[in-house]
Each structure stands twice: as structure tokens, then as C-alpha cells.
1. Could you state the angle between the C-alpha long axis of helix 133-147 and the longest principal axis of the C-alpha atoms of the chain, as a value from 0 to 90 degrees rounded to the nearest 10?
2. With angles folded into 0 to 90 degrees, how steeply does helix 200-210 sit against the dominant principal axis of the chain? Use alpha carbons for both and round to 10.
3. How would you rank 81, 27, 203, going from fewest to most other Cβ atoms within 10 Å of each one's own Cβ?
4. Sort the following peptides by mean Cβ neighbour count (other Cβ atoms within 10 Å, averaged over residues), highest first: 184-197, 160-173.
5. Measure nothing but the geometry: give the 0 to 90° angle between the long axis through the Cα atoms of 49-58 and the longest principal axis through the Cα atoms of the chain, rounded to 10°.
6. Can you sort 177, 111 from fewest to most other Cβ atoms within 10 Å of each residue's own Cβ?
7. What is the extension gain from residue 170 to residue 83, computed as 0.36 nm multiplied by their sequence separation minus the C-alpha to C-alpha distance, in nm to one decimal?
8. Relative contact order for the chain: what is it in percent, counting Cα pairs under 8 Å that are at least 6 residues apart?
Ligand SMILES: CC(C)(COP(=O)(O)OP(=O)(O)OC[C@H]1O[C@@H](n2cnc3c(N)ncnc32)[C@H](O)[C@@H]1OP(=O)(O)O)[C@@H](O)C(=O)NCCC(=O)NCCS
């Protein structure tokens, strides 16, 4: 009996976990930062609303300048949690002692001529910056991008986000475009938009070298 016939017989009775559930279960990994701090990297879950809101509210204003929405508003976070489509946005967080200390998302294009491209957004709590957490989070996003057939990753930021540009450059991203007076920060001030790009294959290699200290059982 073929698979289709079997499914026709039992399909109504068996329940298969969907792709998203499998990804969420698999992606919960213990890792260590450069200073030895133990963290967990995992997919964002629907229960994370209050912790995610607390994380964004505690960010210094400068680190929120680049965010496209006002993440200090509960409605914005609730809408993100409802969207729940990993083919569109793949959201992960870093957690320490039940508190979120980092958030990163991969924004995919399901169809069309940009489907080989995805955009990374990443923000780490000030106290945990420059300890390798951004790289750990990005590594998970790059692994997911690779699984989804993405070949090019972009990161967008404003000209004033010098630290972020340094961090992305360190990972091998190159500044491809700079568009003058193209974006405005949350105070309304115009800025140049910087678009940095990297190949998934090159990015993966750089990260493997950078994360030797992390002990992370990536399984990727
Ligand atoms: C960008 C950001 C996510 C990087 O996170 P992070 O955890 O500090 O990054 P890592 O510790 O993994 O650093 C990666 C590399 O970038 C370098 N780097 C990080 N912050 C840096 C800074 N402020 N200045 C210079 N280099 C920096 C690190 O030195 C590291 O290289 P190394 O391994 O040689 O030391 C973090 O700075 C942040 O949240 N910034 C505010 C939000 C933002 O601007 N996001 C970018 C738009 S997507």
C-alpha cells in the first residue's frame, strides 16, 4: 500500500507535529558567552510576551533607534506573537534566569525574485554586548536561512549605528549601499541608510571560527 493510501486511511486519526513545532522543540540550546555566562538560545514562544516587552523597555534609547516599530508598546509585541509564521519571520531569543537578554529575527521572502534573500535584525541587552551573544544568535538565524534556501543575508542600519556596523563587519558583512537622507530615527531626524550584505556560505564559515569558545551543541 502506498504512502498516499496509508495517509487516506489514517490521516484523519494521526496528528503529525507541524514544521514550526519541530523547529521550536529542536531549537533550545545551552551556550556559553565569552565570559562564561550560561545562556539558552531558543525560538520565541507565545508565552514570551511580558518578558519580551520587559527586554525592549529596558533597552537604552540609542539601541531602540533603529527598530522599525515602537517595541515598548504591548500591542506591537502581541501582534508579533500572533503573526506566528516561520516562513515569513523566524524569531529567536536568548534567555538567562528566565529573562530575555537578546532578540533576533530573520525576515524571509516567501515568493518572488527576492526569495533567496533574507534580512537579519538583532538586538542584545547592553550588559551582555561584546560577549559573543549577537554572533550566537545570528548563527542560529544563518543556519535556518541555509535550510530555507536563502543565499544572501542583509542587515540594514542607520549611519549612526557605528557599533552595529562594526559587529556586522566583523562577521564578514560588507557595506553595499548607503542611501542619503533615506530614513528617519524615532526623533524624526533624517539619516543615511546603510545596507550590509553577506553570503550565507561565507557567513557560516566565519561564525564557526568565531564561536569555538561557546560550547554550543548546535547540531546544525
Ligand atoms: C549589533 C549587536 C547586536 C552586536 O551584538 P554583540 O552581542 O555585542 O556582538 P558580539 O559580541 O557577538 O560581537 C561580534 C563582533 O563585533 C564586534 N563588536 C560588537 N560590538 C562592537 C562595538 N560596540 N564596537 C566595535 N566592535 C564591536 C565584537 O568585537 C565582535 O568581534 P570580536 O569577536 O573580534 O570581538 C549589538 O551591538 C546591539 O544590540 N546593538 C544595538 C542594536 C543594533 O544596532 N542592531 C543592529 C541592527 S540589526
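Every number in this text was worked out from the coordinates using simple rules, so none of it is lab data. Given the structure is predicted, the values throughout are model-derived calculations rather than measurements. Ideal geometry is used to build each Cβ from the backbone, glycine not excepted, and the neighbour counts take in all protein chains shown.
1. 40
2. Approximately 70 degrees, to the nearest 10.
3. 81, 27, 203
4. Packing proxy ranking, top to bottom: 160-173, 184-197.
5. 10
6. With the fewest neighbours first, 177, 111 line up as 111, 177.
7. So the extension gain works out to 28.1 nm.
8. Once divided by the residue count of the chain, the mean separation gives 18 percent.
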